[in-house]
1. Just want the ordering: 90, 185, from fewest to most Cβ atoms lying within 10 Å of their own Cβ.
2. 7 Å from Cα along Cα→Cβ at both residue 185 and residue 34: what's the point-to-point distance in nm?
3. When the label point is put 7 Å from the Cα of residue 71 along its Cα-to-beta-carbon vector, which residues of region 148-181 have a backbone N closer than 18 Å?
4. Once the Cβ-Cβ distance between residue 139 and residue 175 is put in as r, and R0 is 30 Å, what FRET efficiency do you end up with, to the nearest 0.05?
5. Tell me, what ³J(HN,Hα) does each residue in region 70-80 have, in order and in whole Hz, if you take phi through Karplus 6.51 cos²θ - 1.76 cosθ + 1.60 with θ = phi - 60° and put x for Gly and Pro?
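We did not get these values from a lab; they are worked out from the coordinates using the rules stated. Note that this is a predicted model, so its numbers are computed, not measured. Here Cβ is always computed from backbone atoms with ideal geometry, including for glycine, and neighbour counts include all displayed protein chains.
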Amino acid sequence: MSVGEVCKPILQSQEAAEVSDAALVVSALAGNTAAFDVLVNRYRRAMLTVAQQIVRNPADAEDVVQDAFLRSFEALPQLTDLNRFGAWLHSITRNRALRYYKNASRYQPEEDMELHLNRVSDTSQSDPARIVERELTQEAIRDAIQGLPNDYQEVIQLYYWAEMSQKRIAEFLSIPLTTVKWRLHKAKDLLKTILEKRGYGTDI
């Protein structure tokens with residue numbers, strides 16, 4: 001039985017998220033485009049986080065990510081260590097973002113960061129005063145995150161916004177899992193300190 005035959009039924013099931021990066025890469029190389037689609041869905045939000053840290057503008061970050069996925073798909077046969085696909089993709093995304101930032105001359109301060117902390121789907125029935133308070137709180141959290149050192153900022157955004165597991169973050173950034181755990185813990189402590197100094201409680 002071929003690799004494609006093995007992977008195809010897995011990709012069509014609800015267990016797609018459990019398939020390893022290496023297995024998906026092998027399947028994609030064998031011609032199963034659905035396998036690469038799974039990788040795209042798995043890493044897209046993380047790549048947007050990386051790109052947006054560099055180019056700042058959300059629309060430009062989208063362009064960078066699309067370019068990075070195209071480049072990675074074309075270069076997939078050149079990947080020597082299938083178990084390091086995430087770290088390889090992170091490197092491609094960062095390089096494409098830096099190139100975009102350098103050549104496009106489109107940098108501008110981020111005025112409206114995507115409201116990834118706002119997960120409320122319908123506030124139409126809420127008290128207007130509470131809506132304003134919630135929006136101010138979310139803005140304070142976003143500002144506090146932007147004030148963190150880059151290493152801490154990256155980990156906390158990947159964990160909460162991209163919703164990556166700590167293990168996958170370690171693979172994506174090519175750092176030890178213990179480092180991810182420490183940075184995440186430290187980032188939370190720093191955020192708590194920053195927000196308390198700005199008059200927000202610890203229940204945020």
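1. Least crowded to most crowded, the residues run 185, 90.
2. 4.2 nm
3. 172-174
4. It comes out at approximately 0.50.
5. 4, 4, 5, 5, 5, 9, 3, x, 8, 5, 8
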